[in-house]
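*Asks:* Structure below; questions to follow.
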Amino acid sequence: MAALRRVFLPRPAETAHRVRKAVLSAAALAACASLAAGCGVIPGTTGGSGDDPITVMTWAPDGTKATNKPGMPAMAKAFARWVNASGGLDGHPLEVITCNDHNDPVEAAGCARKAAEQKVVAVVGSYSQHGRSFISPLEVAGIPYIGGYGLTDEEFSSPLSYPVNGGQPALLAGNGRQLAGVCDRVSLVRPDTTTGDNLSKLLDSGLAQGHRAASADIRAPEDGTDYTAQAEQALDRSARGGKKGCVAAALGTRTDTFFDSFRRVEGGYPAVRTASVLGSVDQSLVDRTGGAAGPYEGAYVTGWYPAESDKRWEPMREVIRGHAFDDTRVDPSDAGVQTTWIAYTVLRQAVESLNGAEVTSRALRKTLDQGLRVDTGGLTPMLSWRFDDMLAAGQYPRLVNADVTFQVVRDGRLVVTRRSFVNVQKTLEASR
């Protein structure tokens, strides 16, 4: 027979206390419901109306003697105006803080510290060649670096970096692959900087896959105003011996300065083909220098994305037309502007994946690390940053997109020579 349990009835005073507590709780809930209906959720609370702003930063150099990318922060501002006009990111207003790193390591570190001080949830779509300076402050603050331009090794090694392209490594490896099919000898003119030191090795890995000899590595000052000596050296090394020669230059915005010097001296040498990578040569540069009658006609160019004329860029062009107003800094053919667009596409889908939860640096890192797949409308392959998505590319463990496009300047327009992307993962693995 089961034992009987003793039942204790509550004392009258205790019963009265419980009743008063229940009545007060019901009144409080009713008041909260009335407040929410009439005035919205109290600012600072989470999981409510979603009007707390999301603050991010975009940085790039401007007004320097080397490469400048003012269009990237300008594109970020235009993106913010566009999404805010449509209700924000999942209901949150987007605020973009910009910073100029002046191509200086101290200034780059300062931008990262400013990001931490302003409590931004991410640094998005930015350009800096000083990864060693900016990545440590971001790591200390736990701020993800989404869609950097891809100049530095740190962008492909830091666990807080989420690259959207293969950076300079993929471009140079791809350029080597592209030139291996048309050149017997190649000279590469590149910046005499730490960032530039790896470029010839990467180009050579692509040439080697096409059974071509290593390139002539020609260093040049990144802020030079005359490159006659480097042009003569490049022509001498690539045009001799009756072989098909190519001269490639990857000097950022100084590439055009190099080819000015090149044009003045090339008449004294056998004819060679020219080549470069996106970011050093783009459609706007081809247009400015004469189009089909200019010096870049016939040049081979390796890029990350489809050509600027591709219809897949139309959503970005619509945003530029509608929200960049007359800002001439926002050039849709600029690789920096394109990268910023893709980086903010990642941010938008990452925020939406949180389904109304609080948007923090930690929340963004978590959703990206756990396998969020980002659709960029065909501008890149599907992007994902799980460990399983990382490529076995040696010193670039965070690299998830090794696709490039082969382009050529034909009739004054950059056009793709292959309809599909070219994957250079194996080329990058061979460059160790």
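The values are calculated or read from the model by the stated rules, or taken from the named source; none is laboratory data. Model, not experiment: these values are computed from the prediction. Positions of Cβ are backbone-derived with ideal geometry, glycine not excepted, and every protein chain shown enters the neighbour counts. Areas reflect the complete protein model, heavy atoms only, side chains present, ligands, DNA and RNA absent. Shrake-Rupley method; radii C 1.70, N 1.55, O 1.52, S 1.80 Å.
*Asks:* Say we look at segment 398-414 and pick out the residues that are assigned to a loop (DSSP other than H, G, I, E, B) and touching a Phe, Trp or Tyr at 6+ places or on another chain (Cβ under 7 Å); which of these is nearest to Arg365 (Cα to Cα)?
*Replies:* Our first condition is that a residue be assigned to a loop (DSSP other than H, G, I, E, B); within segment 398-414, this holds for 398-402, 411-412.
Next cut, touching a Phe, Trp or Tyr at 6+ places or on another chain (Cβ under 7 Å) only: 398-400.
Numbers: Arg398: 14, Leu399: 16, Val400: 16 Å.
The residue in question is Arg398.
Residues checked against (1) assigned to a loop (DSSP other than H, G, I, E, B); (2) open to solvent by 40 Å² or more (accessible area, probe 1.4 Å); (3) in contact with a Lys or Arg (Cβ under 8 Å, 6 or more places away or on another chain):
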{"site": "Ser276", "(1), (2), (3)": "no, no, no"}
{"site": "Val286", "(1), (2), (3)": "no, no, yes"}
{"site": "Ser309", "(1), (2), (3)": "yes, yes, yes"}
{"site": "Met316", "(1), (2), (3)": "no, no, no"}
{"site": "Thr339", "(1), (2), (3)": "no, no, no"}
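*Asks:* Here's a follow-up. In segment 356-375, what residues are polar (S, T, N, Q), in contact (Cβ under 8 Å) with a residue 40 or more places away in the chain and part of a loop (DSSP other than H, G, I, E, B)?
*Replies:* Thr360
*Asks:* Now, a different point. Being open to solvent by 20 Å² or more (accessible area, probe 1.4 Å) and farther than 20 Å from Arg273 by Cα is the filter here; which residues of segment 192-208 pass it?
*Replies:* Asp192, Thr193, Thr194, Thr195, Asp197, Asn198, Lys201
*Asks:* Could you please tell me which pairs satisfy a Cβ distance under 7 Å, a separation of 6+ or placement on different chains, a first residue in segment 376-392 that is under 12 Å from Pro163 (Cα atoms) and open to solvent by 30 Å² or more (accessible area, probe 1.4 Å), and a second residue that is of a type in the set (D, E, K, R) and not in a helix (DSSP H, G or I)?
*Replies:* Partner pairs satisfying both residue conditions: Met390/Arg398.
*Asks:* Mind checking whether some residue in segment 135-149 is open to solvent by less than 10 Å² (accessible area, probe 1.4 Å) and of a type in the set (Asp, Glu)?
*Replies:* Checking segment 135-149: not a single residue is open to solvent by less than 10 Å² (accessible area, probe 1.4 Å) and of a type in the set (Asp, Glu).
*Asks:* Go through segment 187-235 residue by residue and tally those that are over 19 Å from Lys65 (Cα atoms), over 25 Å from the mean Cα position of the chain (by Cα) and not in a helix (DSSP H, G or I). Give the steps one after another, and end with the answer.
*Replies:* Keep residues of segment 187-235 that are over 19 Å from Lys65 (Cα atoms), which gives 187-188, 197-218, 229, 231-235.
Okay, now just the ones that are also over 25 Å from the mean Cα position of the chain (by Cα), so 187, 207-218, 229, 231-235.
After this cut, where a residue has to be not in a helix (DSSP H, G or I) as well, the list is 187, 210-218.
So the count comes out to 10.
*Asks:* Between a residue in segment 288-308 that is touching a residue at least 12 places away in the same chain (Cβ under 8 Å) and farther than 10 Å from Leu278 by Cβ and any residue that is basic (Lys, Arg) and surrounded by fewer than 23 Cβ atoms within 10 Å (Cβ to Cβ), which pairs come within a Cβ distance under 6 Å, given they are 6 or more apart or on different chains?
*Replies:* Pro295/Arg263; Pro306/Arg312
*Asks:* Take the residues in segment 223-251 that are surrounded by fewer than 20 Cβ atoms within 10 Å (Cβ to Cβ) and touching a residue at least 40 places away in the same chain (Cβ under 8 Å); name whichever of them is nearest to Val409 (Cα to Cα).
*Replies:* Within segment 223-251, the subset surrounded by fewer than 20 Cβ atoms within 10 Å (Cβ to Cβ) is 223-226, 228-229, 232-233, 236-237, 240-244.
Filter once more, so that each one left must be touching a residue at least 40 places away in the same chain (Cβ under 8 Å): 223, 233, 237, 240-241, 243-244.
Working: Asp223: 26, Gln233: 24, Arg237: 24, Arg240: 25, Gly241: 27, Lys243: 22, Lys244: 19 Å.
Taking the candidates together, the pick is Lys244.
*Asks:* Give the residue that is nearest to the chain's Cα centre (by Cα), with candidates limited to residues of segment 293-336 that are of a type in the set (Val, Ile, Thr) and farther than 20 Å from Gly167 by Cα. Even if it seems obvious, please write down each step before you answer.
*Replies:* Step one: list which residues in segment 293-336 are of a type in the set (Val, Ile, Thr), which gives 301-302, 319-320, 328, 330.
From what's left, farther than 20 Å from Gly167 by Cα: 319-320, 328, 330.
Numbers: Val319: 18, Ile320: 18, Thr328: 20, Val330: 15 Å.
The selected residue is Val330.
*Asks:* Next question, about the same structure. List the number of the failed condition for Pro295; all other conditions in (1) over 30 Å from Val265 (Cα atoms); (2) assigned to a loop (DSSP other than H, G, I, E, B); (3) not basic (Lys, Arg) hold.
*Replies:* (1)
*Asks:* Is there any pair linking a residue in segment 153-170 that is under 17 Å from Val121 (Cα atoms) to one that is assigned to a helix (DSSP H, G or I) and aromatic (Phe, Trp, Tyr), with Cβ under 8 Å and at least six apart or on different chains, and which?
*Replies:* If the second residue must be assigned to a helix (DSSP H, G or I) and aromatic (Phe, Trp, Tyr), the pairs left are Pro163/Phe156.
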